[in-house]
Amino acid sequence: MIRGILFDFNGTLFFDSEKHIAAFKEFFGRRGLCDYTSSFLADATFGRTNSVIFRDLYRSDATDEDIERYSEEKESLYHEECIKDPKSFCLAPGAYEMLDHLKENNIPFNMATGTGEKNVSFYFEHLDIGRWFDHKLIVSDNGTLPGKPAPDFFIEAARRIGLEPEECIVFEDSVSGILSANAAKAGAVVAVLSMKGKSPLTEETRVDAIVEDFRGYKDILRKFGI
């Protein structure tokens, strides 16, 4: 039985893929790595933690202190991208209504995001997600859990709201995120294919439904018996 919802955030509840790519391009460009295309960066970064990204794409021998410094720089660039485009600095279409519905009907939900704590705090400040989410319950990248596609983020996010992954629908937009949900044995996986996003559908990924945004959320909830 499906009883709750687990959300990814970036590219799922917030369509910010282009902003992350722009920030990574600026970061790597400052270091002479100007050949990384948007398509390559989407494949190499979406759904993955900064420690994995920077060690794979920049310095395999980077220390934890290096990773912290690189992450600080990249996320500052990303925040600039968000703030300079206020029109698109908002949750995905239908997300506000869906989150209100879940809260009003006491349907458990949580967030499992590969982004770091600095970004989570940024979203609480600028997107007012505290209307729905408890900061202490959110699972984000703090270095204590293996990142997606390992199942740990979704297992822990479900545990924090008193559920098993098998009792949850996972909403995800990336290959690594869907593989993570699959590995966690989520009760259902919904792929969020925003018009600007890169499709996460591959021979490896298993999904039970596909949406472009959250405007049809009632149909999705009804499909899975919530």
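The values are calculated or read from the model by the stated rules, or taken from the named source; none is laboratory data. The model shown is predicted, which means the values in this text are computed figures rather than measured ones. Using ideal geometry, Cβ is built from the backbone for each residue, glycine included, and neighbour counts are taken over all protein chains shown. The protein model used for the area step is the full one, side chains on, heavy atoms only, and it has no ligands, DNA or RNA in it. Shrake-Rupley method; radii C 1.70, N 1.55, O 1.52, S 1.80 Å.
Here are the numbers:
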| read-out | value |
| --- | --- |
| Subset tally (residues that are over 15 Å from ASP213 (Cα atoms) and part of a helix (DSSP H, G or I)) for the stretch 3-31 | 12 |
| Scan of the stretch 102-150 for residues that are outside any loop (DSSP other than H, G, I, E, B) and open to solvent by 60 Å² or more (accessible area, probe 1.4 Å), ordered by number | LYS103, GLU104, GLU117, LYS118, GLU125, HIS126, ARG131 |
| Unique match (being closer than 24 Å to TRP132 by Cα, of a type in the set (S, T, N, Q) and either over 13 Å from the mean Cα position of the chain (by Cα) or at pLDDT below 95 (or both)) among SER17, SER60, SER38 | SER17 |
| Unique match (being more than 25 Å from PHE171 (Cα to Cα) and not in a helix (DSSP H, G or I)) among ASP61, ASP66 | ASP61 |
| Residues being free of Cβ contacts under 8 Å to residues at least 40 places away in the same chain, open to solvent by less than 30 Å² (accessible area, probe 1.4 Å) and farther than 25 Å from ALA181 by Cβ - total across the stretch 44-79 | 3 |
| Selection count where residues are of a type in the set (Ser, Thr, Tyr) and touching a residue at least 12 places away in the same chain (Cβ under 8 Å), scope the stretch 91-120 | 2 |
| Some residue of the stretch 185-196 being touching a Leu at 6+ places or on another chain (Cβ under 6 Å) and β-branched (Val, Ile, Thr) | no |
| Cross-chain or 6+ apart pairs with Cβ under 7 Å, the stretch 138-155 first and over 12 Å from ARG48 (Cβ atoms), then among the hydrophobic types (A, V, I, L, M, F, W, C) and surrounded by fewer than 21 Cβ atoms within 10 Å (Cβ to Cβ) | PRO151/ALA183; ASP152/LEU145 |
| Residues (within 22 Å of GLY187 (Cα to Cα), under 17 Å from the mean Cα position of the chain (by Cα) and of a type in the set (Val, Ile, Thr)) located in the stretch 90-133 | THR113 |
| From the options PHE89, PHE28, residue that is touching a helix residue (DSSP H, G or I) at 6+ places or on another chain (Cβ under 8 Å) and within 23 Å of GLY177 (Cα to Cα) | PHE89 |
| Hits in the stretch 8-23 - residues which are of a type in the set (Val, Ile, Thr) and either open to solvent by 10 Å² or more (accessible area, probe 1.4 Å) or more than 17 Å from PRO93 (Cβ to Cβ) (or both) | ILE21 |
| Top-ranked residue of the stretch 170-222 - restricted to ones that are of a type in the set (Phe, Trp, Tyr) and within 21 Å of MET1 (Cα to Cα), ranked as least open to solvent (accessible area, probe 1.4 Å) | PHE171 |
| So LYS87, is it among the basic types (Lys, Arg), over 18 Å from the mean Cα position of the chain (by Cα) and either under 21 Å from VAL192 (Cα atoms) or not in a loop (DSSP other than H, G, I, E, B) (or both) | yes |
